[in-house]
Amino acid sequence: MKLSEVAVTSAAVGALSARTAKIGRIADVLAAAAAEGDPEIVAVVVAWLSGDLPQRQIGVGWAALRALPPPAAEPSLTVAGVHATFGEIGQVAGKGSQGRRSALLAGLFAAATDTEQTFLKRLLSGELRQGALVGVMTDAVAKAAGVPAADVRRAAMLSGDLPTVASAALIEGRAALADFVLQVGRPVGPMLAQPATGVEDALQRLGGTAVFEAKLDGARVQIHRAGDAVSVYTRSLDDVTTRLPEVVGAALALPVTTFIADAEAIALRPDGRPHRFQVTASRFGRDAPRATEPLSVFFFDLLHLDGTDLLDLPTTERLATLDTLVPATHRVDRLTTSDGTAAADFLAATLAAGHEGVMAKSSSAPYEAGRRGAGWLKVKPVHTLDLVVLAVEWGSGRRTGKLSNIHLGARDPDTGGFVMLGKTFKGMTDEMLEWQTARFLELADGPTDGYSVRLRPEQVVEIALDGVQTSSRYPGGMALRFARVLRYRDDKTAAEADTVDAVRMLHERI
């Protein structure tokens, strides 16, 4: 299969607004891939169109994509060839590896057409935003394979790997989906939560009563144990077993033979309050320290126990089983209530302890692995900052021709300049995109025909964020967590924007 077929499909899907049209266009290219009979190619195409690399990380970041050769006039690249090149790039190591990686990347892009280069750049930089989310991709696989979407969804849930499921469905047919069952040692997609505006909103949406749990500011892990063998996976299903001996130890300490459980791993200070999130996160990297900051483990759900799957049981039954297995000291704090005041007090106590907020869960909901189900809601306080837009990037897909991803800066009163803290494209309505494109072209401080446009620092924007984290990527040593646009503040000048000192205070506080 030609890379151009995938690149053109990606661009077309990004330009479509109707969900059914997206599904149809993706289904067409998946059917074409399946017609070649190679299951690996089908899996690669599904991964790419979902914005993922099968190799996960290959050592190519945004900086490596700044200077690339001009595009080829005619398409010649194949999916198999590009996939192999990505694998080769990812394997480069040792002396001279940077030069070798750059040469491979340059050779790849020199053979790519303009459309293919755009696709590859966005895929490698993690910015392939075309609206092909998991739900859309799942339905596209089902349509291309001619099987019920529910079958694909269940298989993907239990395998934790939609590309593999897609390959089986498209090459072998519906019967192959029955082979995907819950299996100890094979990670499954974690159940995810939708946001709620507060505890009262959560109670109302969950029928008046909810199980509230402390939402710890740690890292979610999925733990599998079969006898003395323990495997630990991140929420993105990466195997981090060897990096987290404390989690392995906690699993082995339980009186059980086999289980699959959800837990939170977190670095705590001597007073029991959490370390900054980056301290916990540092233990998950490839070069993570083994004992610099020990991790504590707190369990909050149980998916399987000694040969019995618990996925389809209601929350209360899964938690009751969990409580018989795990001591209270190693479980996430929990409150079941229909009282809004009690729920608010629980939230306040959790925040006072230094954590993110609370999870509100339906007492009757099954565990919907791999889905953002309505049975789990997250309640977190929203922090806001008034920042200045320093630059903006041209959009792609549906946002082609619009200035989209904005660079955000805080005012530095010592220098009179601005300190960049991150980027965001989230929270922008179609009307906002139209307005900001016109506005930012007026503020352009240099060429406007490149990938990004530098601006005069005049436009103030109100940003919602979950927090501020330590970062070496930006000059202030900080970066915004999950920033999204609330509104543009035409009532404020850049001189009235929040200062970098205010951001540092927020950084120290949360």
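The values are calculated or read from the model by the stated rules, or taken from the named source; none is laboratory data. If you're wondering where the values come from, they're calculated on a predicted model, not measured in any experiment. Cβ: placed from backbone, ideal geometry, glycine included. Neighbour counts: every protein chain shown. Side chains included, ligands, DNA and RNA excluded: accessible areas come from the protein's heavy atoms. Shrake-Rupley method; radii C 1.70, N 1.55, O 1.52, S 1.80 Å.
Considering each residue of the range 12-25, count those that are modelled with pLDDT under 90, open to solvent by 20 Å² or more (accessible area, probe 1.4 Å) and assigned to a helix (DSSP H, G or I), and give that number. Spell out the reasoning first.
We begin by selecting, within the range 12-25, every residue modelled with pLDDT under 90; these are 13-19.
Imposing the further condition that a residue be open to solvent by 20 Å² or more (accessible area, probe 1.4 Å) reduces the set to 15-19.
Imposing the further condition that a residue be assigned to a helix (DSSP H, G or I) reduces the set to 15, 19.
Qualifying residue count for the region: 2.
Would you confirm whether or not the range 207-224 contains a residue that is closer than 30 Å to L351 by Cα, surrounded by fewer than 20 Cβ atoms within 10 Å (Cβ to Cβ) and without any contact (Cβ under 8 Å) to a residue 40 or more places away in the chain?
Scanning the range 207-224 turns up no residue that is closer than 30 Å to L351 by Cα, surrounded by fewer than 20 Cβ atoms within 10 Å (Cβ to Cβ) and without any contact (Cβ under 8 Å) to a residue 40 or more places away in the chain.
Listed residues T316, T292, T321; which is modelled with pLDDT under 95, open to solvent by 10 Å² or more (accessible area, probe 1.4 Å) and of a type in the set (V, I, T)? If you could, list the steps in order and put the result at the bottom.
Values: T316 fails: modelled with pLDDT under 95; T321 fails: modelled with pLDDT under 95.
On inspection, the qualifying residue turns out to be T292.
Tell me, yes or no, whether the range 232-242 has at least one residue that is buried (at least 23 other Cβ atoms within 10 Å of the Cβ) and out of contact with any His (no Cβ under 6 Å at 6 or more places or on another chain).
Within the range 232-242, the subset buried (at least 23 other Cβ atoms within 10 Å of the Cβ) is 232.
Narrowing the set further to residues that are out of contact with any His (no Cβ under 6 Å at 6 or more places or on another chain) leaves 232.
Scanning the range 232-242 turns up at least one residue that is buried (at least 23 other Cβ atoms within 10 Å of the Cβ) and out of contact with any His (no Cβ under 6 Å at 6 or more places or on another chain).
Any idea how many residues of the range 171-182 are open to solvent by 30 Å² or more (accessible area, probe 1.4 Å) and assigned to a helix (DSSP H, G or I)?
6
From the set of residues in the range 347-378 that are in contact with a helix residue (DSSP H, G or I) (Cβ under 6 Å, 6 or more places away or on another chain), of a type in the set (A, V, I, L, M, F, W, C) and part of a strand (DSSP E or B), which is nearest to G160 (Cα to Cα)?
In this case the residue turns out to be L377.
So which residues in the range 148-167 are touching a helix residue (DSSP H, G or I) at 6+ places or on another chain (Cβ under 9 Å), closer than 19 Å to Q222 by Cβ and not in a helix (DSSP H, G or I)?
D161
Give me the residue from the range 437-465 that is within 19 Å of G422 (Cα to Cα) and part of a loop (DSSP other than H, G, I, E, B) and, out of that set, most open to solvent (accessible area, probe 1.4 Å).
It comes out as Y451.
Quick one: in the range 243-278, of everything that is among the hydrophobic types (A, V, I, L, M, F, W, C) and under 19 Å from T350 (Cβ atoms), which residue is surrounded by the most Cβ atoms within 10 Å (Cβ to Cβ)?
Restricting attention to the range 243-278, the residues satisfying the condition of being among the hydrophobic types (A, V, I, L, M, F, W, C) are 244, 247-248, 250-254, 256, 259-261, 263, 265-268, 277.
Going one step further and asking which of them are under 19 Å from T350 (Cβ atoms), we end up with 263, 265-268, 277.
Values: A263: 27, A265: 24, I266: 22, A267: 23, L268: 19, F277: 20.
Step by step, filter the range 243-278, then rank; the result is A263.
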